[in-house]
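Below: one structure, written as structure tokens.
The values are calculated or read from the model by the stated rules, or taken from the named source; none is laboratory data. Note that this is a predicted model, so its numbers are computed, not measured. Quick reminder, even Gly has a Cβ in these numbers, built from the backbone with ideal geometry, and neighbours come from all protein chains shown. Side chains are part of the model used for accessible areas, which takes the heavy atoms of the whole protein and leaves out ligands, DNA and RNA. Shrake-Rupley method; radii C 1.70, N 1.55, O 1.52, S 1.80 Å.
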Amino acid sequence: MTSMTPEGLIDWAGPILSGALTTVQIAVLAYAIGLLLGLLGAGAKLSPWAPLRGLATAYSTLIRAVPELLLILLLYYAGAQALDALLAYLGMAGAVQITGFATAVGVLAFVQGAYMTEVFRGAILAIPSGQLEAADAFGFSRWDRFHRIVLPGMLPNALPGMSNLWLILIKDTALISVIGFNELFFTIQQAAASSRAYFLFYAAAGVIYLLMTLSSTALFARLERYVRRGQPTEA
Amino acid sequence: MTSSLQHAFRPRSSTAPAVVANQLIKHFGDLEVLKGVSLDVPEGTVTSIIGASGSGKSTLLRCMNLLERPDQGELAIADEAIRFDRNPQGDIIGLDRRQLQRLRAKVTMVFQQFNLWPHLTVLGNVIEAPMRVKKLSRKRATALGEHYLERVGMADRRDAYPAFLSGGQQQRVAIARALAMEPRLLLFDEPTSALDPERVNEVLGVIRGLADEGRTMLLVTHEMHFAREVSDQLVYLDQGNIACSGTPEEVFADPRCRQFMAPAA
Ligand SMILES: Nc1ncnc2c1ncn2[C@@H]1O[C@H](COP(=O)(O)OP(=O)(O)OP(=O)(O)O)[C@@H](O)[C@H]1O
Ligand SMILES: [Mg+2]
């Protein structure tokens, strides 16, 4: 991006908003995939089959033990190379924009999944065993037992952790900027550098992140009220 | 009480036993909890299992819907005959998952701790298994659910969540949940043991009504007077063996049996 005259926020409003949109897209997708990975990870960790348990334990332990910035760099370059190689092999080289977005989502989802695994594992273990036994006693299939009893039964326990991870994820998208992808933080850095109005742009970024996190906190609060609908409110 | 619903319970007609257990053996690790228990529950009758704590009452009851899987023996329940044994590798054999689910749809259970699903309403709890397991439409399941909630006197609380009900009310909902599957056999494991004393009678009253209706029931209870009144058969379990069984009159007339009953009766 070429340098622009320091006309301030107005000039940069377009790129910043589009960067913010990209951030939200990355976060939402990474979160959705992270949820799925977390469910699989928790299922594997609670499985009676030892190799599966071992695999899930290795995943969640290793990922959580390494700084996320380092992971993002490692996985990004490994992932980008793999994807590039794949696309080149398929004769679709040059689709670098797609690779950038996809790897950003993939990397963050992979990290999220590890943390989500632990949240879900704890939440599932906290379901009183009698509720699961009742599902078994009535002849529920595995799938019915999972999506009708286990999932709604664990959500009240899992939501605080899930909401926490979402906030962390939004902030983690900023780490993606280190590999030069055009999300919110990267755009802000460029705007700040080219206009030299550092405080203005970083403050604007702060406000945008704040808007994202505050609105999602409100959403999670509503969700939590819903999943706790069967529980008397503790005064 | 008669039912107006077409799929409602058929009162006693056949004389075939609803349950035959033959020489059931069950271990937990090295502990032999059932040592070859044989039991007949004729269709349309009530059998109560009594005995000291740890004698294997719950284990025997839980074998009837295979929440516990016997190591050896035979079970014939509602047209399903299952023979348990070990293959040369030492695994317990004699059951596939389909058969298990089919059987559990016909033998339903009421638990000591109610075990209602807290995220579902009263009606939601009652219609869940008929919809999921018997694949009834929501409409049919709801008609059935309302009927049985009426039966246990909980129809007016159909939209409440379990946590907002008393223990006695929760247990009555749990009974409606078990009835809504229209089972061939109802199992009760100490259904009043977790209740406040003043809530016991409302639940016993419902169970008594079901007995009068001719439902086939197998009941573990410490309520001796109640067991004596409602049961067609009493079974006294002692350390994994049936020490004594018969009609309440027989059992209480037999001096050898009475010695077991004495502390409880
Ligand atoms: N899942 C289990 N694993 C290991 N041991 C068990 C298990 N379930 C029951 N037992 C043991 O088996 C024996 C019989 O237990 P069971 O629950 O059938 O007794 P019970 O007659 O129902 O007693 P209570 O009146 O206290 O309910 C007890 O010694 C108990 O500790
Ligand atoms: Mg017991």
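Take the alpha carbon atoms of the range A:201-223, find their center, do the same for the range B:119-151, and report the distance between the two centers in whole angstrom. The range A:201-223 and the range B:119-151 have Cα centres spaced 42 Å from each other. Averaged over residues, the count of other Cβ atoms within 10 Å places the peptides A:68-77, A:108-117 in the sequence A:108-117, A:68-77, highest first. A 1.4 Å probe run over the protein chains yields, for chain A, 52 Å² of accessible area per residue, whole-number rounding.
Label sites at A:Leu211 and A:Arg229, each approximated as a point 7 angstrom past Cα along Cα to Cβ, lie 3.2 nm apart. Taking every residue in A:225-231 and counting other chain Cβ atoms within 10 Å of its Cβ, the average works out to 4.
Considering only alpha-carbon pairs that sit under 8 angstrom and 6 or more positions apart, the relative contact order computed for chain A is 31 percent. Computed over protein heavy atoms with a 1.4 angstrom probe, the accessible surface ordering of B:Met261, A:Met92, largest first, is A:Met92, B:Met261. Helix B:197-212 versus the longest principal axis of chain B: what is the Cα-based angle in degrees, 0 to 90, to the nearest 10? Taking the Cα atoms of chain B, the angle to B:197-212 is about 80 degrees. Take each residue of peptide B:122-135, count the partner chain Cβ atoms within 10 Å of its Cβ, and average: the result is 3.
Using R0 = 60 Å, the C-beta based FRET efficiency linking A:Ala65 and B:Glu229 works out to 0.40.
Each principal axis of the Cα cloud of chain B was evaluated for its coordinate range; sorted largest first, these ranges are 48, 45, 36 Å. If you plug the beta carbon distance of B:Ala243 and A:Ser129 into 1/(1 + (r/R0)^6) with R0 = 22 Å, you get a FRET efficiency near 0.10.
Seen against the Cα atoms of chain B and their longest principal axis, helix B:167-179 is set at about 80 degrees. Between chain A and chain B, roughly 2200 Å² of accessible surface gets buried, counting both sides and using a 1.4 Å probe.
Mind checking which lysines have their C-alpha under 19 Å from A:Lys171, skipping anything on the same chain fewer than 8 residues away? Filter leaves no residues. Along its first, second and third principal axes, ordered by size, the protein assembly as shown spans 105, 56, 42 Å in Cα coordinates. Sorted on the mean count of surrounding Cβ atoms within 10 Å across their residues, most packed first, peptides B:190-202, B:173-185 read B:173-185, B:190-202. Residues with beta-carbon under 14 Å from that of A:Ser47, excluding A:Ser47: net charge, scoring Lys, Arg +1 and Asp, Glu -1? Net of charged neighbours comes to +4. Remark: accessible surface ordering of B:His119, B:His225, B:His27, B:His147 (largest first) is B:His225, B:His27, B:His147, B:His119, probe radius 1.4 Å. Entry comment: accessible area of chain B is 44 Å² per residue, from protein heavy atoms only and a probe of 1.4 Å.
Helix B:138-151 and the longest principal axis of the C-alpha atoms of chain B enclose an angle of approximately 70°. In square nanometres and to one decimal, what's the mean projected area of the convex hull around the Cα atoms of the range A:28-183? Mean orientational projected area (the range A:28-183, Cα hull): 10.6 nm². Here each label is just a point 7 Å from Cα along the line to Cβ, and for B:His27 and A:Ser18 those points are 7.2 nm apart.
Coordinate range of the alpha-carbon atoms in the range A:129-199 per principal axis, descending: 68, 19, 13 Å.
Secondary structure note: in the protein assembly as shown, about 60% of the DSSP beta bridges are antiparallel.
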